[in-house]
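Student: Below is a structure I'd like to ask you about.
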Amino acid sequence: MQKYLIKKLQKKVSIILISIIILITFIERSFSEDNVFIIDEIKVEGSIDLKFSRDKFIDKAFLDSFKVLMSKVLLTRDFDKSKDIDLKKIKSLIKSFQIIEETYRNNEYMGIYKIFYDDKLVKKFLAEKNISFSQPKKITSIFFPILFINDEIKNLSENFFYVNWNKIEIKNELINFVLPLEELDDISKMESMKSSIEDIDVNFFTNKYNVKNYAFVFMDYNSKKLNIHVKTNFDNNKMTKNVTYILDDINNESKLNEILKDLKTQITDIWKEANVVNLLMPLSIKVKFKHENFGCRFGWKCGNQIVKNLANFV
């Protein structure tokens, strides 16, 4: 009987230990998006001369990879805080690197590197500098732009932001934007609701696309100002934002490209901000184990459930 009880106890303990290991693994994965600290395809190149040093190109790969990493995990407003980090500090955050490809041709060097950063050291570094750390997953969202120019609504085919939205790229895009089809009912309804845009039911326009996430952008150009009202819903996190750009000529494509790129960055920042991680706050998780009064046989407290608090895994 005693051997039976010991075996059963060992089985219960094993289940609990396995559950804890799985939980710890889950927590670590939840705080580390797949490959976010692995920077691929860092390409460096330059002339080969008498002073050629491969180390010089490796150092440049480190510097470039750090910029890419920061663009992935930082909000735009925090970029400047990471600009003056010296090479020695960057090296201390790197676990290893890999040379994917390397060529020496016609007195020209070209190398493609893969850099592996230590996620714990990077997070500690950012926490010490009080820099917000964000780790959002990639999502798909409908992008619905409405443009009024001097109180006249433009069809989507005439809307610069609709036509060029997916042509202009930003670094490390986290959102796969889907563009809507042009429908007269949508244009007509939007025209009638121009004066009450903040109260508009965005779902009326987005539900038909079977995409839960949306970035609904209302733009009104008047008196050399482009006023933009943004409504977003990313993973059920709803946000609104107002932005104004000075624009002397609505047909100035160069300026419009700058505005589009900045707007795309700000919308991406909304998604990043919803995923900011407080690196200074310990994580508390409740784990629930079910048992069948096994502990009563050993004089332990009986019950239908055991609840354990696990903390400070991060």
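Student: Kindly flag which residue pairs out of Lys114/Lys264; Lys208/Lys261; Lys67/Lys264 have an alpha-carbon separation exceeding 24 Å in this structure.
Tutor: Going by Cα-Cα distance, Lys114/Lys264; Lys208/Lys261 fall outside the 24 Å limit.
Student: Moving on. For the range 139-273, what is the relative contact order in percent, using Cα pairs closer than 8 Å and at least 6 residues apart in sequence?
Tutor: Computed value for the range 139-273: 28 percent relative contact order.
Student: Could you pull out the chymotrypsin sites (Phe, Trp or Tyr not before Pro) across the range 32-72 that fall in loop regions by DSSP (anything but H, G, I, E, B) with no more than 15 other Cβ atoms inside 10 Å?
Tutor: Phe52
Student: Calculate I(q)/I(0) for the range 131-196 by the Debye formula, one identical point scatterer on each C-alpha and no solvent, and give its log10 at q = 0.17, 0.22, 0.25, 0.28 Å⁻¹ to two decimals.
Tutor: Here the Debye-derived log intensity ratios amount to -0.72, -0.97, -1.12, -1.29.
Student: According to a simple spin-label model (label point 7 Å from Cα along Cα-to-Cβ), what is the distance in nm between Glu158 and Leu50?
Tutor: Distance between the two pseudo-spin positions: 6.7 nm.
Student: Which whole-angstrom value gives the distance between the alpha carbon centres of the range 61-110 and the range 214-243?
Tutor: Cα centres, the range 61-110 to the range 214-243: 34 Å.
Student: Label Tyr104 and Asp201 with points 7 Å out from Cα along Cα→Cβ: what is the distance between them in nm?
Tutor: 7.0
Student: Still on this structure, I have one more. How would you rank 247-259, 211-223, highest first, on the average number of other Cβ atoms within 10 Å across their residues?
Tutor: 211-223, 247-259
Student: What share of Cα pairs, in percent, lie more than 21 angstrom apart in the range 38-134?
Tutor: Across the range 38-134, Cα pairs with separations above 21 Å total 36 percent.
Student: Collect residues whose amide H, placed 1.01 Å from N in the peptide plane, falls under 5 Å from the amide H of Phe177; neighbours closer than 5 in sequence don't count.
Tutor: Under 5 Å from the amide H of Phe177: Ser141.
Student: Quick check: pseudo-label points 7 Å beyond the Cα along Cα→Cβ at Ile170 and Ile250, how many nm apart are they?
Tutor: 2.4
Student: Show me the GluC sites (Glu not before Pro) within the range 128-222 that DSSP assigns to loop and that have at most 13 other Cβ atoms within 10 Å of their Cβ.
Tutor: Listed in order of number, the matching sites are Glu169, Glu173, Glu182, Glu183.
Student: At 0.36 nm per residue, and after removing the present C-alpha to C-alpha distance, how many nm does the segment from Lys129 to Asn210 gain when stretched out fully?
Tutor: Roughly 25.0 nm would be gained on extension.
No value in this document is a laboratory result; all are computed from the given coordinates. Keep in mind that what you see is a predicted model, and the values were worked out from it rather than measured. Note that we place each Cβ from the backbone using ideal geometry, even for glycine, and neighbour counts take in every protein chain shown.
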